[in-house]
Amino acid sequence: MKISQRLQQINNMISGHYDHIWDCCCDHGLLGMLLLERSAARHVHFVDCVPSLMQALELRLQRFFPADVSGLNPHLDPHLNPDIDPNLCRHTQWQVHCLDVVALPLAQTSDKDKQLIIIAGVGGELLVELVRAIVVKHPERRLEFILCPVHHNYYVRRSLAQLGLILQAEMLLEENQRFYEILHVINNRNDDGPSISPTGSLMWEDLRGEELALAKRYLQKVINHYQRIPEDKRPHSIINAYQHQLGCVTGTILS
Ligand SMILES: C[S@@+](CC[C@H](N)C(=O)[O-])C[C@H]1O[C@@H](n2cnc3c(N)ncnc32)[C@H](O)[C@@H]1O
């Protein structure tokens, strides 16, 4: 299956094992299928609000990950593959949910379960609305999110910080001349991690070579975008923040 670098990068950012991974706004479910293939969680949930998409996905999953196989990934079964350490044997089940992400059925899972919620490929405003709804509905739960908005990264970051989420990891990616920021954040204040900076932080550390060139091109592109906004509506404080960030990245300003 042809999968974008962006979705592959999200897949690469998921380490460790989860009880539940929710591939929200999953569309054709490509990311969730990558996760299912490598048994990244006990349950992989596919969530989207378009019924025809979800019906087609359910059929595809039944074909490629049939029920008996979905219960146990044969590649990781020590009875079928003697090279496998029995401790690594994992049960991975999948479920398709045709619903609005605001109604994510987390209450059906245990409080103790380790949860990762992925929302990628939607606009920043919708993404914030979905994260806010989930966090507000489940304030007591420890929830990890991997988020990759299309546009509005400054607004997304500021909103996530206002919601009290903290940063685990972040990265910048360019694909087909588009830039994407990917954020791994968590809603538990007891976890260690820096607060979320509106212009980015961890992703600008120790840049060299290609990565440094990419960062400069991206920050300049964002600044140019905001500078094209008519003067009376131009967000000068945001432009200043990105100019400061560009200065820090290029070493002309000490951070
Ligand atoms: C462009 S696709 C993103 C696919 C994939 N996540 C990616 O990053 O490539 C956006 C999907 O979000 C779904 N969507 C938008 N709003 C939603 C909501 N509130 N609840 C569930 N799905 C939603 C749409 O139906 C669509 O399939």
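The values are calculated or read from the model by the stated rules, or taken from the named source; none is laboratory data. Predicted model, so just to flag it, every value in this text is computed and none were measured. No Cβ is skipped: glycine too gets one built from the backbone with ideal geometry, and neighbour counts run over all protein chains shown. For the accessible areas, the whole protein counts, side chains as well, though only heavy atoms, and no ligand, DNA or RNA atoms are used. Shrake-Rupley method; radii C 1.70, N 1.55, O 1.52, S 1.80 Å.
Numbers below:
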{"read-out": "Residue within region 46-65 that is more than 13 Å from the ligand (Cβ to nearest atom), assigned to a strand (DSSP E or B) and under 23 Å from L127 (Cβ atoms) present", "value": "no"}
{"read-out": "Near pairs, Cβ below 8 angstrom, 6+ apart or cross-chain, from region 48-68 (open to solvent by 80 Å² or more (accessible area, probe 1.4 Å)) to any residue that is within 16 Å of the ligand (Cβ to nearest atom) and in a helix (DSSP H, G or I)", "value": "C49/V101; F64/M33"}
{"read-out": "Filter result for S197 (under 26 Å from L126 (Cα atoms), without any contact (Cβ under 8 Å) to a residue 40 or more places away in the chain, surrounded by 16 or more Cβ atoms within 10 Å (Cβ to Cβ) and under 23 Å from the mean Cα position of the chain (by Cα))", "value": "no"}
{"read-out": "Test: residue in region 160-170 that is of a type outside the set (G, A, S), within 20 Å of the chain's Cα centre (by Cα) and open to solvent by 40 Å² or more (accessible area, probe 1.4 Å)", "value": "yes"}
{"read-out": "Residues of region 8-34 satisfying the condition of being within 11 Å of the ligand (Cβ to nearest atom) and open to solvent by less than 30 Å² (accessible area, probe 1.4 Å)", "value": "I10, W22, D23, C24, C26, G29, L31, G32"}
{"read-out": "All positions within region 91-125 that are more than 23 Å from Q62 (Cα to Cα) and of a type in the set (D, E, K, R)", "value": "D111, K112, D113, K114, E125"}
{"read-out": "Residues (over 10 Å from the mean Cα position of the chain (by Cα) and part of a helix (DSSP H, G or I)) located in region 7-25", "value": "Q8, N12"}
{"read-out": "Residue under evaluation I10, criteria (1) farther than 27 Å from R141 by Cβ; (2) touching a Cys at 6+ places or on another chain (Cβ under 7 Å), criterion not met", "value": "(1)"}
